[in-house]
Structure formats: C-alpha cells, structure tokens
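Engineer: Let me begin by handing over the structure; questions about it come next.
The values are calculated or read from the model by the stated rules, or taken from the named source; none is laboratory data. What you see is a predicted model; the values in this text were computed from it and never measured. Glycine gets a Cβ as well: all are built from the backbone with ideal geometry, and neighbour counts include every protein chain shown.
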Amino acid sequence: MNIPLLDLKQQNESLRPEIEAALGRVLDTNSFILGGEVAELERELADYCGVKHAIGCASGSDALLLAMMVFDIGSGDEVITTPYSFFATVSAITRLGATPVFVDIDPETYNIDVDQIEAKITDRTKAIQPVHLYGQCADMAALNAITEKYGIPVIEDAAQAIGAEENGRRAGAMSAVGCFSFYPSKNLGGMGDGGFMTTNDDDIADKLRALRVHGSRERYYHKWVGLNSRLDGFQGAVLRVKLPHLDSWSDKRKANADLYRELFAKTALSEQIVLPSERTGCRHIYNQFVVRIPEVRDSVRAFLTERGVGTDIYYPVPLHLQECFLYLGYAPGDLPESEIAAAETLALPIYPELCHEEIEYVVTSISEYFEQTVLESASPKG
C-alpha cells in the first residue's frame with residue numbers, strides 16, 4: 001500500500017463543486033482582501049468556538065504575533081511557554097524583543113506542565129502561552145487559576161486544536177486571545193496560508209482588527225504600528241464551504257485513533273509503543289496521532305517508509321535547543337521531557353478518509369518490524 005501521512009485530494013475533490021462556486025462568488029464581487037466572505041466566516045467561527053469575536057489574519061504565525069502585540073509585549077518582557085512546539089510559538093515572542101521562558105511538558109499529553117509554571121513567574125512576565133498540541137487542550141482550568149492569581153493574560157496557541165474542548169469549552173474560548181491556523185494540514189485547512197484569533201473582549205477585538213491592517217481603524221490613519229495580515233477573500237470562501245464538515249472530520253479522526261488503539265491492543269507491542277493519552281473531560285480532535293517508540297523510533301520510521309507508510313516527527317529539536325535560540329542559554333538536559341519526546345515520538349496517518357484496511361496495514365507493518373527484530377536478535381551469531 002501507499003499511505004501518505006496526509007492526503008487532501010479526497011477531501012477537496014468531494015467538495016470541488018461547492019468550492020468552485022464559492023470562488024466564483026469572490027470573483028463576482030472582486031472582494032479579494034477581507035470582504036464579505038471573510039466577514040461571514042468570522043461570524044461563523046465565533047459561533048463555532050463559542051466566543052464573541054473571531055478575527056481573520058494571514059497565517060497562524062501572524063495570529064500569535066498579533067496576540068503578543070495587542071498586549072504591547074516587547075523588550076524586557078517575558079512570556080512563559082513550551083519548548084515542544086512549532087517554531088512560530090516562540091518566534092512570535094522573540095520577534096518583538098521579548099524573552100521566552102520555557103516550561104517543560106507533561107510527558108503524557110506533550111502539553112505544558114502547568115505544575116511548573118508558577119515557579120517561572122517574575123515581575124517581567126507579560127503573558128503565558130500554552131500550546132494545545134496535536135489537538136488536545138492543555139490544562140486550562142489549572143492554568144487559569146494561576147493566571148487569575150497573578151493577573152497575567154493567557155494566549156492560547158490553538159493552531160492544531162480547532163474544536164478541541166475542555167469541560168465543554170472550546171479551544172480559543174478559555175483565554176484572553178486564542179490563535180488558530182488554516183494551514184492546509186489542519187483539521188480545518190484552507191488552500192494556502194491563513195489564520196484567525198478569538199476573544200471575548202471587545203477592546204482586544206477592536207485592537208486586533210486594527211493591528212492586522214497596519215494598526216489602522218480608518219484608512220490612512222494609524223493608531224498603532226501594525227502588520228499587513230489580512231485573510232484573503234478566496235480563503236474565506238473556501239473555509240466557509242469546509243467549516244460545516246469540520247466536526248464530522250474531527251470525529252472521524254477520533255474514530256481512527258480508537259481503531260489504532262483496538263488494533264494495537266491485539267498485538268504484543270504494549271512495551272514498544274506508547275499510544276496518545278486523552279485527558280478526562282476533554283475532546284481530542286487528533287490533528288496528529290503521535291506515538292512514542294523508545295530507542296528505535298528512527299528505525300521504525302525507515303521501515304514504514306519502505307512499506308509506503310508516510311510518517312513525520314513533530315518535533316525533532318525542541319525550541320530551547322534550536323540554533324537561533326541558543327543565546328537564551330539553555331543546554332541539553334535542561335528540559336528533559338521535551339528532549340525525550342523529540343527523540344521518541346512519531347506521527348502516524350490519521351486523516352479522516354483513511355479506511356480500516358489502511359490503518360490495519362500501518363499497525364501490521366509496525367508489528368512486522370518488531371517481529372523481524374526479535375528474529376534477528378535470536379539468530380545465532382557467526
């Protein structure tokens with residue numbers, strides 16, 4: 001079989017007539033930047049996320065940057081965050097001259113270890129930025145209890161978590177600002193870059209809308225130095241076609257995760273493979289299905305590649321050890337759980353259109369790797 005890590009063709013082809021009609025609407029109006037399709041999408045997203053405001057922008061990376069800017073974060077400020085995430089999580093902080101302060105992850109969920117956060121708070125802490133990694137919310141109830149004590153805003157990096165929930169509240173509705181990505185690989189992916197921000201605060205929403213248009217509420221009058229970060233009308237139209245399908249796609253990802261668990265349970269791999277965990281009271285939307293394979297992760301990945309199974313490593317180098325962030329002074333061993341995860345984790349295909357036979361093939365292929373390893377170790381030497 002040939003099973004890619006992600007296959008967008010089936011999803012996009014099934015919606016092709018609706019997408020082409022939506023793109024035609026934009027051509028008819030010539031509203032290529034923001035415009036009516038984006039305004040309608042923002043209203044629909046706010047309703048979906050359970051917030052007052054959703055504000056579109058050019059990318060998930062820009063969403064994070066704009067969220068930092070809305071709180072005037074800059075030189076001398078600190079933002080507490082996780083080192084085990086995509087680069088944009090931290091680049092948004094450093095591009096403004098602020099300093100990321102890293103807190104290690106919970107090894108079961110890969111999200112920030114909330115129990116370690118309070119010890120890192122100083123009088124320079126301007127925000128705390130958890131990441132809802134792989135589609136599961138960080139422990140927001142515990143985190144918000146800490147931030148309320150200190151009066152520090154939370155910025156949710158929810159790029160991988162649209163529709164994820166904690167105790168009935170959706171990602172992006174549990175903080176001052178939530179930040180999302182429409183990168184094509186996301187559960188709700190566009191046909192190019194795009195992102196949006198959520199908030200329940202009217203003043204924050206007003207400032208975010210201005211910041212994404214060069215800091216201007218009225219054309220040519222600039223209250224702040226903002227960005228050119230506007231969502232395209234074409235992307236808004238495509239995403240409006242896709243949004244009504246989002247929950248069914250995420251539910252199918254969850255069903256695929258359950259099938260992986262069922263099939264792995266029939267193997268003898270309980271000691272070789274650690275499957276993803278789900279927090280009680282949470283909805284995991286499985287943007288990625290990430291397993292741990294201690295010691296032989298890279299060998300298993302190579303074996304799967306030979307058998308036509310696509311995989312990826314999210315993320316091979318934690319952010320505190322990236323070359324561009326070495327000036328922060330972190331060294332190997334400082335954040336051990338993040339470093340261990342980087343050495344052991346592997347993402348397997350989880351997209352909604354996967355069939356039973358394909359998931360079974362992935363599990364069987366991993367089983368075959370370990371069966372061959374056992375046979376080779378048992379073979380007489382010399």
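Engineer: I'd like the full set of residues that are surrounded by 13 or more Cβ atoms within 10 Å (Cβ to Cβ) and in a helix (DSSP H, G or I), limited to region 1-19.
Structural biologist: 11, 12, 18, 19
Engineer: Would you mind telling me which numbered condition in (1) modelled with pLDDT of 95 or more; (2) touching a helix residue (DSSP H, G or I) at 6+ places or on another chain (Cβ under 9 Å) residue 217 fails?
Structural biologist: Here residue 217 meets the rest and fails (1).
Engineer: Would you check if residue 172 is in contact (Cβ under 8 Å) with a residue 24 or more places away in the chain and assigned to a loop (DSSP other than H, G, I, E, B)?
Structural biologist: Against the criterion (in contact (Cβ under 8 Å) with a residue 24 or more places away in the chain and assigned to a loop (DSSP other than H, G, I, E, B)), residue 172 qualifies.
Engineer: Here's a follow-up. For region 21-38, what are the residues that are within 30 Å of the chain's Cα centre (by Cα), part of a helix (DSSP H, G or I) and surrounded by fewer than 15 Cβ atoms within 10 Å (Cβ to Cβ)?
Structural biologist: 21, 36
Engineer: Just checking, which of 290, 241, 274, 300 is closer than 30 Å to residue 30 by Cα and not acidic (Asp, Glu)?
Structural biologist: Testing whether each residue is closer than 30 Å to residue 30 by Cα and not acidic (Asp, Glu) leaves just 241.
Engineer: Working carefully through the options 369, 351, 330, find the one that is under 20 Å from the mean Cα position of the chain (by Cα) and aromatic (Phe, Trp, Tyr).
Structural biologist: After ruling out the rest, the residue left standing is 351.
Engineer: What tally of residues in region 253-278 results from selecting those that are under 15 Å from residue 346 (Cβ atoms) and not in a helix (DSSP H, G or I)?
Structural biologist: Adding up the residues that qualify gives 6.
Engineer: Consider residue 271 carefully, then state whether it is among the charged types (D, E, K, R) and at pLDDT below 95.
Structural biologist: Criteria met by residue 271.
Engineer: Given the condition under 23 Å from residue 39 (Cα atoms) and either touching a strand residue (DSSP E or B) at 6+ places or on another chain (Cβ under 8 Å) or at pLDDT below 95 (or both), answer yes or no: does some residue in region 236-245 qualify?
Structural biologist: Yes: one or more hits.
Engineer: Restricted to region 206-252, and to residues that are in a helix (DSSP H, G or I) and among the basic types (Lys, Arg), which residue is farthest from residue 13 (Cα to Cα)?
Structural biologist: Step by step, filter region 206-252, then rank; the result is 207.
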